[in-house]
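The values are calculated or read from the model by the stated rules, or taken from the named source; none is laboratory data. Every value quoted in this text rests on a predicted model; they were computed, and no experiment measured them. All Cβ positions, even for glycine, are placed from backbone atoms using ideal geometry, and neighbour counts span all protein chains on display.
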Amino acid sequence: MRLVIVGGSGSGKSTQGQRLCRYFDIPLISTGEILREAISGDQHIPEFRWSQADPRTSLSVYASLSELGYHARPYMEKGELVPDEMIIELIQIRLRQPDIDCAWVLEGYPRTAFQAKELDSLLDNSGQKLDWAIYLQVSEAVMVSRSLGRSLPDDQPEIVQRRVELFYDHTIPILEYYDRRRRLLTINGDQSPDMVQQNILTLLSVP
C-alpha cells in the first residue's frame, strides 16, 4: 500500500497518516516532521544521507540535516513552501532507506503539481506505483481554527493564513492531476478522527 495524504493546514493529515501507518504497519514519511526536527535540532530522525554520492548507505546525518533546516527555516517561518528541489531530494533519498520497503504513507508531500509529477517519475524509476492520493477536504475556517489550536511553533496566525493561501494556489491543482489518473479519494475531513479513518478504509476497500 503506497499512499499520499493531501490537505490544507489543520486538515488532519498527520493524524490520519499516523493512524494508517499503525493500521497497515507501514512507515510514515512526514516532510513537515523531518523539516521541523531539522530546524529544532531534535535527533529523532531516521539516519539517512543527505548529499553523499550513494544515498542508499546509512550514515549519521544530523549535521547535514541541520544544514537543511538552516536553509528551510526562512521559508517555514513565513509559511512559504520550501523549494521544490530541496524537498524532492529529501523524498528521493528517504524512499531509498532500508526501513522503506514497497509500502508507506507520505504526508506533507507533494504540495504542488510539479512535485506530484516528480514523485510519479521517482516511483517509476524504482519500479513502484502510487496506489492512492487521499484528499482530506475541510473548509478554510476549519483549517485556520485547527491550526491555531495546535502548539507547533510555526502555527502563528499570519503564518497559518499564508499556508492556507498557498494551499489553494498550489496544492488544489494536485487534485486534478490525481483525479485524471483515477487515483484520488476525497474524504470529508470535518469529522471525528475515527470517522475519517473509517471512511478512508472503506474507500480503500479494506474490511
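Would you be able to tell me the number of residues in the range 36-56 that are modelled with pLDDT of 50 or more and either among the aromatic types (Phe, Trp, Tyr) or touching a Gly at 6+ places or on another chain (Cβ under 7 Å) (or both)? So the count comes out to 2. Answer yes if at least one residue in the range 145-161 is in contact with a helix residue (DSSP H, G or I) (Cβ under 6 Å, 6 or more places away or on another chain), part of a helix (DSSP H, G or I) and surrounded by 19 or more Cβ atoms within 10 Å (Cβ to Cβ), and no otherwise. The answer is yes; a qualifying residue exists. Just one of the listed residues (101, 84, 155, 124) is out of contact with any Asp or Glu (no Cβ under 7 Å at 6 or more places or on another chain), acidic (Asp, Glu) and closer than 21 Å to residue 15 by Cβ, and it is 155.
Residues of the range 7-33 being small (Gly, Ala, Ser) and part of a helix (DSSP H, G or I), which ones? 14, 17, 32, listed by residue number. For the range 172-195, a residue qualifies if it is closer than 16 Å to residue 10 by Cα, assigned to a helix (DSSP H, G or I) and touching a helix residue (DSSP H, G or I) at 6+ places or on another chain (Cβ under 6 Å), and exactly one does: 193.
When both residues are 6+ apart or on different chains and their Cβ atoms are under 9 Å apart, which pairs have a first residue that lies in the range 178-207 and is among the small types (Gly, Ala, Ser), and a second that is in a helix (DSSP H, G or I)? Final answer for the pair search is 189/13; 189/16; 189/142; 189/196.
Quick check on residue 25: is it closer than 23 Å to residue 173 by Cα and either of a type in the set (A, V, I, L, M, F, W, C) or modelled with pLDDT of 80 or more (or both)? In short, no.
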